[in-house]
Amino acid sequence: MKKGLIGVLAMALLWGCSNDPGSAGEAKRVSSAPAATATAVNPAAETEESAETASARLASLVEAYFEENLELNPVSATFIGDSRYNDRLGNSIGPEHRAAQLAMERRFLEAAGEIDGDALEDQDLLTLEVFMLGRQEAIEGSEFPAHLLPINQMFSLPSLMAMLGSGRSAQPFATVTDYDNFLGRIDDFTVWVDQAIANMREGVEKGVVQPRVIMEKVLPQLAVHVVDEPEQSLFWGPVAAMPEGLAEEDRVRLTAAYRDAIAGQIVPAYSRLHDFIETEYMPHTRESVAWAELPDGADWYAYRARVSTTTTLSARAIHELGLAEVARIRSEMEQVRDSVGFEGDLAAFFEYLKTDDTFYYDNAADLLDGYRDLKNRIDALLPVLFSDFPAADYEIREVEAFRAQSSAGASYQRPAPDGSRPGIFYVNTHNLRAQPKYGMETLSLHEASPGHHFQVSIQQELTELPRFRRFGGYTAYVEGWALYAESLGRELGLFTDPYQYYGKLNDEQLRAMRLVVDTGLHTEGWSREQAIAFMLENSSLAESDVVAEVERYIAIPGQALSYKIGQIKILELRARAEQKLGDKFDVKAFHSMVLRGGALPMAVLEARTERWIAARM
C-alpha cells in the first residue's frame, strides 16, 4: 500500500530547514553516522561560557532562525497554525528567495558555531547538534539546481495550492480576514507559476529536465483546474461553504472577488502552466529515468540519499540491504501461505490475494467505516505499550478526487498545534482494489496511531523544545517510526488473523523493495519496466500501486529509502536496550524516550538511546 506523510513532505517542499527530500559494513547493519556531522559544534568558540549563558544564547538563536524562516516560507507558518503570513505564498524557487534563504543558513550556522557546545547538556546539546546539521545540509543542498525541477506528479505547489484553496486543509476560512488572506496568496501563486515556467526553460537549456513519464502524469493534475465557470472550480469550495456569521456586504464582496480571482488568475495560471508543459517543455523531457543522467546527478543522488537516511550508507550497500530484506520477508510470506493451507506457489498466492473479492470492499463508504471501527479498536489497545498519548485526535477522510489518481494510497496530515484542526488520516478510494482488507490493520498503525499521528502530534506538543525541533525533523525518523509502529501489531493484540499479518509483511516488503528499486533506478541502470516487474514479482501489491510507486521514486529520488533504514535502526536500538537492561527494560519508557526527543537524525537518536540505557543500568 502506498503511503505518504502530507505534513512532512509539504514541509520538505516549502520549508527552509533540514531535509531536502560513504560505504557501509555488513548489509544488514545500518550505519547511522549523519552525512554532515556536527563535530565542529563550537569551532569559533574562543572562550568558555557558562551552561546558563550558552543555553540562553542557543535558545535565542534557534528561535530567531525559526521566525525568519517562517517569514521566508509562509505556508510553513500556515501548517503550524500561525496565521500571520496567510496572505503570502512566497516565491521559493525565485532567485531572490533562494539567495535570501542561503544567506540566512550561512549566517545562522556561523552564529551557532560560536556557541560553546561543551557547556551544553541533554536537550540543549541535541538542539545545537541538530540545528547545525540542518544548516550544513541546507547549504550543501543549495549547490544542486532543484529549482529547475519545480513540479512533479507527487508533490508540487500547484497541488498544494489546490488543497489549501479547497477549504479542507490547513488554510482557514472562518473570517473575512481569512478570505481576504487567500486572495493575497492567489496573487503570489501567479508569480510562482511564471517563475516555474522561467525555471523550466532554464532547465531545458542546462539539461536539467524531468523524465517524460513523470510530466505526462502532471498534465491531468493541472488540467482539472482549468474550468469554464468559477463554480466548477475546487477553489469555489470556501465560497460555497461561507460561514453564516459573515455580514451580507462581506459575503457579496468576497463572492465577487473569488469569482474574479478564479476566472482571472487561478484558471489562467493553471492553463498557462499546463500549456507550457504540454507544448514547450514536453518535447525536451528525457526518456531516461535515472537521476544520475542529470548534470552532477550522481553526487546529487548521493546527497539526497544521505539526507533522507541520515546515514553514510552507499547506494550499493542500500541496494544489497534491500535485496536481503526482500528475501527474508518473502520467506515469511511463504510461511503465511502454508499456515492458511493455500495450494499453489507464492505467485499464485499473490494472485489470489489480488483477485478474490472477499478481500475487498465494494464501495468507498464501507472502507472508510472499516477504518473508523479499527481506530476505536486500536485506541483501546495502545496503553499496553505506551504511557505518552497526544492531546490531538485524528479523523479519517478520503483523498480529494482531483489528486487521487496520482496520490499515495494513504497519507497523514498533522493537526493544528492549537487544537483547532485534528490530524487527518487520508485514505485513497480511487481504486478499491488497491485497498485490501488484509492491509487495514498495518496501514492504520502506520498512518495514525501509534504511527504518524502519535509521533507528529506528540512532537509538536513538546512545548519545552524549540519550535524548529517541534515542527521540523528527519524523514528517516518520521517514516522509520511509522514502520516500527507496524511491527508492534502483535504486541498490541492485532494480526491475530494470518491474512492481517500477511498485510503487515506485504507493506514491509514494499519498504524493502524501495531500497532495491530506488537505488536500482538511479544508480544501477534499472528501467522503469524492470522496477515494476521486480515489485510485482515480490508482493501482492496492485499493479496500479506499483506503477505509482515506481514513478514516485523516479520523481523524488532517495526519499523512499528513509522508511526501512529508520525502522531497522529503531528496532536495533530497542534490541540493544532489551539486551543491556534485561529485567530493567520498560517498553513504555523506551517509547517515551524515542518520541519525546523529536524527529532526530539516526546518529543523534542512537547517542540519546545509549545515554538512556546507561542511566538505567
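The values are calculated or read from the model by the stated rules, or taken from the named source; none is laboratory data. Computed from a predicted model, the values in this text were never measured in an experiment. In this analysis, Cβ positions are derived from the backbone assuming ideal geometry, glycine residues included, and neighbour counts consider all displayed protein chains.
Values as computed for the structure displayed
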item: Any hit, the range 387-394, residues being assigned to a helix (DSSP H, G or I) and small (Gly, Ala, Ser); result: no
item: In the range 486-528, the residues that are under 19 Å from Ser444 (Cα atoms), among the small types (Gly, Ala, Ser) and either under 16 Å from the mean Cα position of the chain (by Cα) or surrounded by fewer than 24 Cβ atoms within 10 Å (Cβ to Cβ) (or both); result: Ser487, Gly489, Gly493
item: Any hit, the range 248-267, residues being buried (at least 16 other Cβ atoms within 10 Å of the Cβ), outside any loop (DSSP other than H, G, I, E, B), under 29 Å from the mean Cα position of the chain (by Cα) and not assigned by TED's automatic domain parsing to the domain that holds Asp356; result: yes
item: Yes/no for Arg372 being in the same structural domain as Ile329 (by TED's automatic domain parsing) and either more than 24 Å from Ser457 (Cβ to Cβ) or part of a strand (DSSP E or B) (or both); result: no
item: Test result for Val546, outside the structural domain of Thr355 (by TED's automatic domain parsing) and assigned to a helix (DSSP H, G or I); result: no
item: Residue that is nearest to Asp507 (Cα to Cα) [pool: residues in the range 379-398 that are crowded, with 19+ Cβ neighbours inside 10 Å and among the hydrophobic types (A, V, I, L, M, F, W, C)]; result: Ile396
item: Pairs, first at positive phi in the range 463-474, second in a loop (DSSP other than H, G, I, E, B) and not polar (S, T, N, Q), C-beta under 7 Å, six or more apart; result: Gly473/Gly598; Gly473/Ala599
item: Single residue of Phe189, Phe144, Phe155, Phe182 found to be more than 27 Å from Ala103 (Cα to Cα) and crowded, with 19+ Cβ neighbours inside 10 Å; result: Phe182
item: Test result for Leu465, modelled with pLDDT under 95 and more than 25 Å from Ala305 (Cα to Cα); result: yes
item: Test result for Ala292, modelled with pLDDT under 95, closer than 30 Å to Tyr477 by Cα and either not in a helix (DSSP H, G or I) or not β-branched (Val, Ile, Thr) (or both); result: yes
item: Contacts under 8 angstrom Cβ, first residue in the range 95-118 being in a helix (DSSP H, G or I), partner charged (D, E, K, R) and modelled with pLDDT of 95 or more, 6 or more apart; result: Met104/Glu68; Glu105/Arg135; Arg106/Arg135; Phe108/Arg135; Leu109/Arg135; Ala112/Arg135
